[in-house]
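**Q** Here it is, the structure in full.
The values are calculated or read from the model by the stated rules, or taken from the named source; none is laboratory data. No experiment lies behind these values; they were computed from the predicted model shown. As a convention, Cβ positions derive from the backbone with ideal geometry for all residues, glycine included, and neighbour counts pool all protein chains shown.
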Amino acid sequence: MQGFRQIIAFAIALVLAAGALVAPLSAQDRVLPYWAALRFEKVNMRVGPSAEYPVTWVYTRKGLPVKVVRVREGWRLVEDHEGTQGWISASQLDPERGGMVIGTGLAEVRAGPNAGAAIKWRAEPGVIAGMKKCKAGWCEVDIAGRKGFMAAERLWGSQDLPGDA
């Protein structure tokens, strides 16, 4: 009886391990392009899809949104807000959507998704925001735990892409 329990426990562990491996593979099935964000404070961008290629840029902004435009064996060809493209390991990317304040001058963060809503505060260009899907030209943002709504035109990462579910 003890041997049967060990076999069952092993089978359950095997099924759970297989499930953990299948999830990252299914993430590669996303339609391109799609948004992602940098997972860590320091992320290397490379010339090609391998650690053997030289680093062309080192990002130091956790949460910075990037557009994934190509997938290759655990690597993603991404484009940043300035149009720079390069390869980043998929493990360095977070599938959660993020945005970055763009444009000139301070961007207004409002209490509701319309121009008539009260201004809660203003954010400088370059500020990184957690973001939900945008609707009717407005995005719900979370900037360092403060929540509000910002005009989509002021956020890089607000555009709906085919791969965003």
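**Q** For region 134-147, which positions are closer than 19 Å to LEU64 by Cα and out of contact with any Ser or Thr (no Cβ under 9 Å at 6 or more places or on another chain)?
**A** GLU140, VAL141, ASP142, ILE143, ALA144, GLY145, ARG146, LYS147
Residues checked against (1) in contact (Cβ under 8 Å) with a residue 24 or more places away in the chain; (2) within 23 Å of LEU32 (Cα to Cα); (3) of a type in the set (D, E, K, R); (4) in the same structural domain as LYS147 (by TED's automatic domain parsing):
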| site | (1), (2), (3), (4) |
| --- | --- |
| THR60 | no, no, no, no |
| VAL71 | yes, yes, no, no |
| LEU77 | yes, yes, no, no |
| GLU82 | no, yes, yes, no |
| LEU106 | no, no, no, yes |
| ASN114 | yes, no, no, yes |
| ALA117 | yes, no, no, yes |
| ARG122 | no, no, yes, yes |
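**Q** Can you name every one of the strands (runs of 3 or more DSSP E) wholly within region 70-152 that holds 1 or more residues which are surrounded by 14 or more Cβ atoms within 10 Å (Cβ to Cβ), among the aromatic types (Phe, Trp, Tyr) and more than 13 Å from the chain's Cα centre (by Cα)?
**A** Once the strands (runs of 3 or more DSSP E) in region 70-152 are filtered for at least 1 residues that are surrounded by 14 or more Cβ atoms within 10 Å (Cβ to Cβ), among the aromatic types (Phe, Trp, Tyr) and more than 13 Å from the chain's Cα centre (by Cα), what remains is 75-79, 85-89, 138-143, 146-151.
**Q** Only residues in region 38-54 that are assigned by TED's automatic domain parsing to the domain that holds ILE88 and over 22 Å from GLY130 (Cα atoms) count as the first member; pair them with residues that are in a loop (DSSP other than H, G, I, E, B) and among the aromatic types (Phe, Trp, Tyr), Cβ under 6 angstrom, at least 6 apart or cross-chain, and list the lot.
**A** Note: pairs meeting the criteria are ARG46/TYR53; VAL47/TYR53.
**Q** What residue, of PRO54, PRO113, is modelled with pLDDT of 95 or more and in contact with a Phe, Trp or Tyr (Cβ under 8 Å, 6 or more places away or on another chain)?
**A** PRO113
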